Every structure is written in C-alpha cells, then in structure tokens.
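One structure below.
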Amino acid sequence: MKPVDPRLLRYARATRFFLVAVVALGAVGAGLVIAQAMLLAEVVVGAFQYGRSPAELTTPLLLLVAVSVGRALVAWFTERAAHRASAAVKSELRGRLLERAAELGPEWLGGQRTGSLVNLATRGVDALDDYFSRYLPQLGLAVVVPVAVLARIVTEDWVSAAIIVGTLPLIPLFMMLIGWATQARTDRQWRLLSRLSGHFLDVVAGLPTLKVFGRAKAQAESIRRITGEYRQATMRTLRIAFISSFALELLATLSVALVAVTIGMRLVHGDMDLYIGLVILVLAPEAYLPLRQVGAQYHAAAEGLAAAEEIFEVLETPVPVPGTATVPSGAVAFESVTVRYPGRCVDAVSEVSFTVEPGETVALVGPSGVGKSTLLNVLLGFVRPAAGRVRVGGVDLAELDLAQWRSRIAWVPQRPHLYAGTIAENVRLARPSADEEAVRRALRDAGAWEFVA
Ligand SMILES: Nc1ncnc2c1ncn2[C@@H]1O[C@H](COP(=O)(O)OP(=O)(O)OP(=O)(O)O)[C@@H](O)[C@H]1O
Ligand SMILES: [Mg+2]
C-alpha cells in the first residue's frame, strides 16, 4: 500500500488541496512545538536556576498560553479541513462509482454481487473518513515536524541531533516490515467483510423465497459460520496492530532515552547549558511522535484505502464505446445473433434471426431461460452479441447513438418497479422535461389513464 495513492489525487480533486493544507498546517504546528519547547525551558531555567519570581516570568508564561491556544487552533483547522476533504472526496467517489456503474450497464451489474457493490458505495467509501481525518494529517506532520525539530536541535547540539538522525529511520523501517507482514491480512479482512455483507444482503433479499421453501434455517447456519470467521480475522488483525504499535512505542522510547542519557551526562559534568538541555529534552520526543502516530493510524487507514482500491477497479473498467450515428427509421433486423455471457461455457442464445417491420407486432415466446430477456437486452444495447448483429433501418446497432436509440424505445421490464414519488414523476423518469400533456398522453397510450387519473 502506498501512503498516498496517486489515483486518489486523480479521481478526487479535493485530495490535492487537502494535502497542501495538511503540510502547511504541519509546518505551523512544528513552529509552535519548537516555540513551546523554548518557552518551557526559559520558564524552568528562569524559575529554578535564576530564582525569578512568577511576576518576572509573565511574558514567557503568557506566550506559552498563546502557543497552546495556537496549537489547539491548528488542530481545529486540520480537523475541519479533514472533514471537509473527506466529505468532498467521498461524494465525488460515490458519484463516479454510480456514474460508471450506470455506464457499464446491467450486463456488468449482473456479474457483480449487489451486496458487495452496495457495501462498497456506502460503508466502503465511509472507511475513507479515517484515512482523511487521521492518517493524512499525521503523514503531513511526520514529514514536516521531524525536519523542523532536527533543524532546531542541530544548531544547539549536534550529538543529540546525530542520535535522532540515526534512530529516526528505524521507525518507518519497522513500520514497513510490519506492514509487509500484515498486508495480506488486511486484504483478507476486507474481502471477508465484503463477502459477508454481500451474503447478508442477498440472503435478506431472498428471505421470503427461502421461507416459502423452508430453507431459512440453513442460511442462518452459514451466516453464523461466516460471522465467526470474520470475528477471528478481526481479532488477528487487532493483535498485529497492538503488537506493532507496542514495538514502535518501545523503539521511540529507547531512542529518546539515548538522547536523554547523553544530555544528562553532559549536564552533570557541566559541559552543557541547562536551557539547551531542556529544549532538546522537550523536543526529542516530538520528533518521534508523528512518525509513531502514522504507524498507529496506518491500520485505521488501510481499510479505507482497500475500499478505494476496489472503487478504482470499477472506475477503470473500460466502458464499451457507443456509436454516434443518428438513428434511422425502418425495420429492426436480428441477423444470426449469438450471445454468450462472460464466464458461461454455453451460448445464452445462438444464431437468432428475425425481422420486425414498422407497424408490426411481434411476440417472443418460449420457456424460461430460452433467451427472451437476453434478446431484448441486445436490442436495448445493454448486451453486445458475440456474433451476428442487429440492424435498425439497415444500420448496425453498434454504430448508433445509444442514448438517442433508447429515447425511442418504450420498455416494460420483467420485474416492473414503481419508484417513490408521484405517478407523474415515474412517467417522467426517462424524460424529466416532459410536460403535463405528454405525461397524460403516455399514460393514455399505456392504457393506464383510467386507473391513475
Ligand atoms: N447476466 C447473465 N450472466 C450469465 N448468464 C445469464 C445472464 N442473464 C441470463 N443468463 C443466462 O442466459 C440464458 C437466457 O436467459 P434469459 O434471461 O434471456 O431468459 P428468458 O427467456 O428471459 O427467461 P425468463 O422467461 O425466465 O425471463 C439463461 O440460461 C440464463 O441463465
Ligand atoms: Mg426474461
């Protein structure tokens, strides 16, 4: 997993702006951290070494309060920016996902598990919240703060700076090692969840049928089994998360201890100023903190990124290029149309030929599964024939402008559905701009005027 997926920048514009904001806020935050350390050291040294009274230390104390308020403000701005960015990115990704799913059409949708796709568009995208509000800001801090802190320390004491420079890379190194070890598990976890929710949705949707045939109990058993698997996978992932953050914590603590020991020795021997020693002591843990936090947030972010990965997969599924020719009038002719669905080893329909002249009424009849819906889907342009072609007025359907073609088709699906809203809104689905008169005429033509008016 890359820390920042470049495709996220491409598909969700808000991410770019947010990254810039995060680094800028990180820089301000780093400045404040350094100021805080210096002010703290000044107050402590003033009070204990030079015995100054609180009245003499009002300026640094007030500044210290101001710096704390500043840090709180930076945290608040970061939080705000993160929530805005994640809301914008989520809605953009959802929009693109829906758009792409609609473009890919029912044939592609038929090959997907509805539950998985729904889970991806809802909960999956929501998992990006943690990525934006916790992981990315920490990543920004992890880039800016150690550099700023080191720059401050190296001007005072190169030994401490050298120790930090030597130990700091160990944290990302260990993080990467742990990451490699846990990658497979995070992926597995996400796939399990996806399968589980897909399964749930499909079972719940089919519950009436299952009940009728007395198979509901059997499904309960399988859901119980999958839930158990999911729980175990979650616990395993959590165990790794805890152990890895413990390892990183230990590493950072030992590194700070190294710095502290060398400073302590020099303070005892009088080789170092108390003020400088204190500044470095306060600053040293701050250099490790953001890196450690990135490690801790990594697991929270991984789920979001895994979901984003799946969304990108859908977004990158190529859409068949539609034609552009205007639709002529004339006969509809099927010429040796053969359709084979992906993943099937037999043709759904093979070598179907017939012609429908203007004004003619044709009924396709046949037993279930013979391919009536398939032929209609070919006519609607949702399914592309593997061989043969459909001609409309002599022009191949593949060359026609499909939106224009579909606007001339009235189609009642096998399982009709009335959407929430008024009857008029349902009638206007395909052409929202249709006026009252057109809606009335459509209802009369469909023979529905008597019972809806
Ligand atoms: N999306 C799909 N993916 C794979 N196979 C499919 C798909 N849709 C239909 N089939 C298969 O293609 C064949 C024709 O199905 P089709 O739905 O066209 O039949 P039908 O004549 O409309 O049946 P019914 O009368 O039950 O509606 C069937 O064997 C079916 O299992
Ligand atoms: Mg059918």
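FYI, it's all coordinate maths here, none of it is from the lab. None of the values given here were measured: they were computed from a predicted structure. All Cβ positions, glycine included, derive from the backbone under ideal geometry; neighbour counts span all protein chains shown.
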Reach of K217 by Cα under 16 Å, taken over aspartates and glutamates that are not fewer than 8 positions away in the same chain:
D202
Pseudo-spin-label distance T234 to A184, built 7 Å along Cα→Cβ, given in nm, is 2.4 nm
Applying the Karplus parametrisation 6.51 cos²θ - 1.76 cosθ + 1.60 with θ = phi - 60° to the phi angles of region 274-287, what ³J(HN,Hα) value in whole Hz is obtained for each residue in order, glycine and proline being reported as x?
5, 4, 5, x, 5, 4, 5, 4, 6, 7, 3, x, 5, 5
Counting other C-beta atoms within 10 Å, and keeping those with at most 13, which DSSP coil chymotrypsin sites (Phe, Trp or Tyr not before Pro) do you find in region 20-88?
Y50
Unit charges on C-beta of K, R, D, E only; dipole of the chain, Debye:
1040 debye
What is the set of long-range amide H partners of R52 at a cut-off below 5 Å, with H atoms built 1.01 Å from backbone N?
A47
Normalised by the number of residues in region 321-417, what is the relative contact order in percent for Cα pairs under 8 Å and 6+ residues apart?
40 percent
List the trypsin sites (Lys or Arg not before Pro) within region 375-452 that DSSP assigns to loop and that have no more than 10 neighbouring Cβ atoms inside 10 Å.
R408
With contacts defined as alpha carbon pairs under 8 Å and 6 or more residues apart, what's the relative contact order of the chain in percent?
18 percent
Quick shape check on the chain: root eigenvalues a ≥ b ≥ c of the Cα gyration tensor, a/c under 1.5 is rounded, otherwise prolate if a/b tops b/c, else oblate, and it reads prolate
Going through region 240-330, which GluC sites (Glu not before Pro) have at most 12 other Cβ atoms within 10 Å and a DSSP loop state?
E316
Between A300 and T59, with labels modelled 7 Å along Cα→Cβ, what's the label distance in nm to one decimal, could you check?
4.0 nm
Can you give the charge dipole size of region 1-120 about its Cα centre, rounded to the nearest 20 debye, using +1 on the beta carbon of Lys and Arg and -1 on the beta carbon of Asp and Glu?
380 debye
Placing +1 at every Lys and Arg Cβ and -1 at every Asp and Glu Cβ, with all other atoms neutral, what dipole size does region 103-250 have around its Cα centre, in debye to the nearest 20?
920 debye
Placed amide H near R340: partners under 5 Å, 5+ positions off or other chain:
A348, A386
Identify, among G29, L57, L8, the residue whose Cα sits farthest towards the positive end of the charge dipole of region 1-65, taking +1 on the Cβ of Lys and Arg and -1 on the Cβ of Asp and Glu, with the dipole about the Cα centre.
L8
Cα centroid of region 79-133 to Cα centroid of region 226-278, whole Å:
37 Å
What aspartates and glutamates sit close enough to K90 to cross-link, taking a C-alpha to C-alpha distance under 20 Å and skipping anything fewer than 8 places away on the same chain?
D5, E79, E99, E103, D126, D129, D130, E303, E309, E310, E313, E316
Exposure proxy check: F246, F382 ranked by fewest other beta carbons within 10 Å?
F246, F382
Phi-derived 3J(HN,Hα) across region 318-327 with the Karplus relation (6.51, -1.76, 1.60, θ = phi - 60°), rounded Hz, x for Gly and Pro, is x, 8, x, 6, x, x, 10, 5, 6, 7
